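For reference, the structure discussed in these notes is given below.
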Amino acid sequence: MNLIGSSLSCKRDGKLIFSDLSFKIKSGDVCFIKGPNGSGKSTLLRLLAGFIKVWTGKVSLNNEDITNRNDIIYNNFFYIGHSNSLKNYLTVKQQIDFWEGISEKKYNFESDSFNLKKILNRRIYECSEGQKRRVGLSRLSIDDKKVLLLDEPTTSLDIENVSRLKNYLKDHQKKGGIAIVASHETFISSNNQDIILTLNPPKNRERDPFL
Amino acid sequence: MKYELLFALANKGILLSTSFFIILILIVGIGFSQIGESSEKTLLAIIWIAISLSSLLSIKTMFQEDFDDGTLDLYILSNTSIETIIFIKSIVHWITTNLPIIILIPLISFPLGITIYHSILICFVMLLSTPALSFISTIGAALTLGEKGGNLLISIFILPTFLPIIIFGMKISLLITNSTYDIMAHLILFALSLICIAITPFITSLIIKIHYT
């Protein structure tokens with residue numbers, strides 16, 4: 001499996017976010033997107049997830065052009081953004097049930113990748129930020145897609161849980177999946193062959209759309 | 001569906017819309033009583049106006065909350081079609097805002113001079129026509145997604161589109177209190193309602209998709 005982006009550019013509200021971006025990712029790769037605030041990391045992920053239209057350029061998966069082909073994207077890509085998609089008044093158990101209902105797959109409590117067993121009966125609003133993030137990330141192991149798009153997954157996670165996430169990503173690598181992670185932290189995986197994609201804000205941009 | 005109901009109940013929309021409805025009826029009723037015009041005709045008009053206003057009350061939260069916490073992203077990425085989700089959301093909205101009001105109507109209209117038999121008939125008419133109000137309102141909710149203070153905007157967009165339902169609903173209710181019957185008016189009202197139910201999920205999903213791209 002390979003994912004290739006060639007000279008991608010994206011415009012939002014008439015402003016160029018990034019331009020002429022190319023990358024090539026193959027099975028078992030973890031790609032880290034780096035860059036200063038406002039350089040378009042989240043935009044790139046949302047673009048790959050099919051929420052934002054590609055302005056110019058091409059994205060292809062397994063040599064098939066999937067630019068703006070949302071049907072294929074939805075079947076292969078999995079996106080977790082800044083927000084954890086949680087409902088405050090549900091318990092952790094109910095929240096997971098709800099996601100299981102949407103994706104028609106089950107969370108594996110045997111392996112329990114994100115250590116949720118202890119907080120299953122807690123309401124979301126009683127959880128700390130780190131616990132909320134863990135519940136949010138548990139969607140990863142409910143829905144088992146090939147390409148993971150993670151936006152700042154380590155936010156408010158402690159060291160132990162960052163290593164859980166690493167382990168999860170390593171397993172995903174072994175299974176031949178692809179992960180694209182926007183993160184300021186470097187949590188390089190074992191084989192040290194991660195691709196690092198650096199985004200720089202275009203120089204001719206008049207105003208940062210995120211400020 | 002189960003979870004959508006749970007979400008809606010947690011928002012306490014039922015309490016909000018029913019109390020709004022009762023207060024509106026009381027205030028307008030008292031206002032009319034001062035000029036000595038408080039007939040059952042005016043009461044019917046008030047009921048129809050109140051029910052359409054209260055169905056707009058909690059509409060803003062319908063997509064906004066899911067949009068803010070990212071659940072809407074999830075819905076769009078999932079295999080379930082967004083139309084189905086909108087359909088379920090509209091039904092849940094109807095169950096939590098309009099249905100309790102309809103159940104209340106015989107209770108409040110009996111002391112105000114409409115016979116139980118007539119008010120039950122009116123309830124039946126409302127039962128068949130108010131789903132359209134909920135379904136139409138979703139268009140407004142989708143249009144004002146991400147807009148601050150969109151509630152007023154929704155009312156401006158959506159209230160005029162309630163007119164056909166209110167006109168025919170009002171007409172039928174008047175006929176019922178006169179113990180007459182007009183099959184055409186009934187058919188047109190129910191047809192309007194069915195058309196809304198059939199079409200609006202597609203329009204709303206289109207708006208949401210445009211909003212995302």
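The table below gives the values:
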quantity: Out of B:103, B:23, sole residue that is modelled with pLDDT of 85 or more, away from every other protein chain (no Cβ under 14 Å), surrounded by fewer than 20 Cβ atoms within 10 Å (Cβ to Cβ) and under 15 Å from the mean Cα position of the chain (by Cα); calculated: B:103
quantity: Cross-chain or 6+ apart pairs with Cβ under 7 Å, region B:63-85 first and within 8 Å of chain A (Cβ to nearest Cβ) and buried (at least 19 other Cβ atoms within 10 Å of the Cβ), then in a helix (DSSP H, G or I) and of a type in the set (Ser, Thr, Tyr); calculated: B:76/B:212; B:77/A:74
quantity: Residue among A:93, A:105 that is surrounded by fewer than 17 Cβ atoms within 10 Å (Cβ to Cβ), within 20 Å of the chain's Cα centre (by Cα), touching a residue at least 24 places away in the same chain (Cβ under 8 Å) and within 14 Å of chain B (Cβ to nearest Cβ); calculated: A:105
quantity: Checking residue A:115 against (1) free of Cβ contacts under 8 Å to residues at least 40 places away in the same chain; (2) surrounded by fewer than 14 Cβ atoms within 10 Å (Cβ to Cβ); (3) at positive phi, the condition it does not meet; calculated: (1)
quantity: Residues that are surrounded by 18 or more Cβ atoms within 10 Å (Cβ to Cβ) and not small (Gly, Ala, Ser), drawn from region B:41-56; calculated: B:43, B:44, B:46, B:47, B:48, B:51, B:56
quantity: Scan of region A:79-90 for residues that are without any contact (Cβ under 8 Å) to a residue 60 or more places away in the chain and either open to solvent by less than 10 Å² (accessible area, probe 1.4 Å) or within 30 Å of residue A:52 (Cβ to Cβ) (or both), ordered by number; calculated: A:83, A:84, A:85, A:86, A:87, A:88, A:90
quantity: Boolean, residue A:98 is facing chain B (nearest Cβ under 8 Å), among the aromatic types (Phe, Trp, Tyr) and within 17 Å of residue A:149 (Cβ to Cβ); calculated: no
quantity: Long-range neighbours under 7 Å by Cβ, at least six apart or interchain, first residue more than 14 Å from chain B (Cβ to nearest Cβ) within region A:37-65, second in a helix (DSSP H, G or I) and buried (at least 18 other Cβ atoms within 10 Å of the Cβ); calculated: A:59/A:48
quantity: Number of the condition not met by residue B:139 [criteria: (1) under 22 Å from residue B:201 (Cβ atoms); (2) out of contact with any Ser or Thr (no Cβ under 6 Å at 6 or more places or on another chain)]; calculated: (2)
quantity: Candidate set from region A:149-161 (those that are under 14 Å from residue A:114 (Cβ atoms) and of a type outside the set (S, T, N, Q)); member that is most open to solvent (accessible area, probe 1.4 Å); calculated: A:160
quantity: Residue within region A:165-172 that is more than 14 Å from chain B (Cβ to nearest Cβ), under 30 Å from residue A:26 (Cα atoms), among the aromatic types (Phe, Trp, Tyr) and assigned to a helix (DSSP H, G or I) present; calculated: yes
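The values are calculated or read from the model by the stated rules, or taken from the named source; none is laboratory data. The shown structure was predicted, so the numbers you read here are calculated from the model rather than taken from an experiment. Every residue, glycine as well, gets a Cβ built from its backbone with ideal geometry; the counts of neighbours run over all protein chains shown. The area values use the complete protein model at the heavy-atom level, side chains included, leaving out ligands, DNA and RNA. Shrake-Rupley method; radii C 1.70, N 1.55, O 1.52, S 1.80 Å.
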